[in-house]
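Before any comments, here is the structure.
The values are calculated or read from the model by the stated rules, or taken from the named source; none is laboratory data. Model, not experiment: these values are computed from the prediction. Positions of Cβ are generated from backbone atoms using ideal geometry, with glycine treated the same way; all protein chains shown enter the neighbour counts. All accessible areas refer to the heavy atoms of the entire protein, side chains included, with ligands and DNA or RNA removed. Shrake-Rupley method; radii C 1.70, N 1.55, O 1.52, S 1.80 Å.
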Amino acid sequence: YQTLKFSIDQAAMPGMENMNIELENPGQQKFAVQLASYTPTITGNWATYEIPLVDFTGADLTNVNVLGFWQPRTAGGVLTFGTLYFDDIHFAGGGS
């Protein structure tokens, strides 16, 4: 696969500007990217992201056992709380 794709409905947390997207290998080794580094496609309240898997530098993509969405923050870096809805989370391109 070449990309991680997912959509987020941010209507309940409109101040959220950033979040860690993490892949984890067994043994707790984590590889993260910042959501703010990517530009989503917007449809209504839904923001759809496509993150190239090569951006998770150093991750052994054949051995990932956790995908996490962590620490939503405002533009000022303050942790924010609320409800986020995710949809259509999948890996795409190049796989079978």
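Numbers at a glance
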read-out	value
Of all residues in the range 7-57 being in contact with an Asp or Glu (Cβ under 9 Å, 6 or more places away or on another chain) and part of a loop (DSSP other than H, G, I, E, B), the one that is least open to solvent (accessible area, probe 1.4 Å)	Phe56
Members of the range 16-40 found to be under 13 Å from Pro72 (Cα atoms) and either at pLDDT below 90 or of a type in the set (Val, Ile, Thr) (or both), listed by number	Met16, Glu17, Ile21, Val33
Near pairs, Cβ below 6 angstrom, 6+ apart or cross-chain, from the range 75-92 (closer than 23 Å to Glu50 by Cβ and touching a residue at least 12 places away in the same chain (Cβ under 8 Å)) to any residue that is hydroxyl-bearing (Ser, Thr, Tyr) and open to solvent by 60 Å² or more (accessible area, probe 1.4 Å)	Phe91/Tyr1
Qualifying residues in the range 58-69 (those that are of a type outside the set (Gly, Ala, Ser) and surrounded by 11 or more Cβ atoms within 10 Å (Cβ to Cβ)) - the one farthest from Gly93 (Cα to Cα)	Phe69
